[in-house]
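Asks: This structure is in structure tokens; I'll ask about it shortly.
What follows draws every value from the coordinates through simple rules; no lab data is involved. Please read these numbers as outputs of a predicted model, since none were measured by experiment. As a convention, Cβ positions derive from the backbone with ideal geometry for all residues, glycine included, and neighbour counts pool all protein chains shown.
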Amino acid sequence: MAFSLAYDADPLPLLSVESGRTGEGVGSWVPDRKHTFLAKYVEGTRQARKKFSRRIYIDLFCGPGRVQVKGESITRHGGALIAWQHSKLDDAAFTTCIVGDLDPLRASACAERLRAFGAPVQALIGSAEATVDEALKIVPKGALCLVYLDPYNLQFLTFDVIKKLAKLEFVDFAVHFSTMDLRRNVLMEYDPERARFDLAAPGWRDHVKPADFARGDADEVFFEYWCNLITSLGFSISKRMPLVRDDKNRPLYHLVFFSRHALPNRIWGDVAQGPNREFDFS
């Protein structure tokens, strides 16, 4: 039977909805790829989750909890709602959903929508850098955590946030790495007077060389360096890194999953069917 995402009418339709940068709606790849992979992973790990009495979902770029897909008259669940709704199979629901956003209206909307569907939720307001310490204080010792990081641009994927969350004892990460932002701007950001990518990959200019730009693969070298930063924290990165493209076939994100344990990586590899680790900008 074909997999289907949870779909429920919006219980709070007057609250804000994510409609993309142009206001015309997000691309169909959001539910078709991003949210489908998240939902499949959450369902696929439910037996492992049941072994823990505390199960935490952390999303520090949560948005309003509802998305408008371009060309559709309906709205759909956002990532946090997808994770919550698909976690409830076999009594393995998250025991706390920690959501945060820079915009207080969006953070509040997401939290209210989660509560409307029965989720135990705590909302944090501010940038991920500002809220990560507060999120860590909420997580009880010994909890199993799924961290879902989906920032608009690479500059907001602050490595220090990942480093802090990596201190959790049992934690897995699903991260949206902005391939398009990197591809478009890596040459410009090589200028030391600029610093937009510096928090995402501290020290990257020492590893990306002028020769890499001459060969046209500076973006690949940057990405590999970022992956090495992740593995230096003691994580293994799944070899399956689906490349999400927009409706014009332009690469947008790599969906990167990493864990300290083989089982979560294996489950991600099973559910995230799509292009593997290639860093394809064609």
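Asks: Within the set LYS137/LYS167; LYS50/LYS141; LYS163/LYS239; LYS40/LYS239, which residue pairs have Cα atoms separated by over 19 Å?
Replies: In this structure, LYS163/LYS239 exceed 19 Å between Cα atoms.
Asks: How do 147-155, 134-142 rank on mean C-beta neighbours within 10 Å, highest first?
Replies: In decreasing order of mean packing, 147-155, 134-142 become 147-155, 134-142.
Asks: A follow-up question, please. Taking only Cα atoms, what is the 0 to 90° angle, nearest 10, from helix 262-271's long axis to the longest principal axis of the chain?
Replies: So the inclination is approximately 80 degrees.
Asks: Also, quick follow-up: Can you give me the relative contact order of the chain as a percent, contacts being Cα pairs under 8 Å and 6 or more apart?
Replies: 17 percent
Asks: Please list, in chain and number order, the residues 5+ apart from ILE98 or on another chain whose amide H is under 5 Å from its amide H, with Hs placed from the backbone.
Replies: TYR57, ILE58, ASP59, GLN122
Asks: With point charges of +1 on the Cβ of Lys and Arg and -1 on the Cβ of Asp and Glu, referenced to the Cα centre of region 143-267, which listed residue (PHE222, MET241, TYR190) lies farthest in the positive direction of the dipole?
Replies: Of the options given, the answer is MET241.
Asks: Ordered by residue, what ³J(HN,Hα) values in Hz, to whole numbers, does region 56-61 give under the Karplus form 6.51 cos²θ - 1.76 cosθ + 1.60, where θ = phi - 60° and Gly and Pro are x?
Replies: Taking θ as phi minus 60°, the curve returns 10, 10, 10, 9, 8, 10 Hz for region 56-61.
Asks: Once the mean 1/r over all distinct Cα pairs of region 211-264 is inverted, what Kirkwood radius in angstroms do you read off?
Replies: Result for region 211-264, one decimal place: 12.8 Å.
Asks: Relative contact order of region 110-233, please, whole-number percent, based on alpha carbon pairs below 8 angstrom and at least 6 residues apart.
Replies: 21 percent
Asks: Give me a comma-separated list of calculated 3J(HN,Hα) values for region 143-148, in order, Karplus coefficients 6.51, -1.76, 1.60 applied at θ = phi - 60°, integers in Hz, x for any Gly or Pro.
Replies: 6, 8, 10, 10, 9, 10
Asks: What residues qualify as long-range amide H neighbours of VAL26, i.e. H under 5 Å apart, gap of 5 or more or another chain, H built at 1.01 Å from N?
Replies: GLY20, GLN68, VAL69, LYS70
Asks: Rounded to the nearest 20 Debye, what is the dipole magnitude of region 76-225 about its Cα centre when Lys and Arg each give +1 and Asp and Glu each give -1 at the C-beta?
Replies: It works out to roughly 380 debye.
Asks: While we're here: Please express the Cα-Cα pair-distance distribution P(r) of region 129-282 as a list of whole percents, one per 5 Å bin, running from 0 to the bin with the greatest distance.
Replies: Once binned at 5 Å, the Cα pair distances of region 129-282 give 2, 9, 18, 21, 21, 15, 9, 4, 1, 0.
Asks: With Rg and the Kirkwood Rh both taken from Cα atoms, where does Rg over Rh land for the chain?
Replies: In the chain, Rg relative to Rh is 0.95.
Asks: If packing is taken as the average number of other Cβ atoms within 10 Å across a peptide's residues, how do 23-33, 250-260, 203-213 rank, most packed first?
Replies: 250-260, 23-33, 203-213
Asks: With +1 on each Lys and Arg Cβ and -1 on each Asp and Glu Cβ, and nothing else charged, work out how big the dipole of the chain is about its Cα centre, in Debye to the nearest 20.
Replies: Value, rounded to 20: 820 debye.
Asks: When Lys and Arg each count +1 and Asp and Glu each count -1, what net charge do the other residues less than 13 Å away from ALA83, Cβ to Cβ, add up to?
Replies: Every neighbour counted, the sum reads +3.
Asks: Taking a ≥ b ≥ c as the square roots of the eigenvalues of the Cα gyration tensor of region 1-71, is the shape rounded (a/c under 1.5), prolate (a/b larger than b/c) or oblate?
Replies: In terms of gyration-tensor shape, prolate.
Asks: Using 0.36 nm times the number of residues separating ALA130 and LYS163, minus their current alpha carbon distance, what extension gain do you get?
Replies: My answer for the length gained is 10.5 nm.
Asks: Let me ask something additional. Once the dipole of the chain is set up with Lys and Arg at +1 and Asp and Glu at -1 on Cβ about the Cα centre, which of SER178, HIS254, VAL147 lies farthest towards its positive end?
Replies: Checked the options; the winner is VAL147.
Asks: I need to check one value: relative contact order of region 163-282, counting alpha carbon pairs closer than 8 Å and at least 6 residues apart, in percent.
Replies: 31 percent
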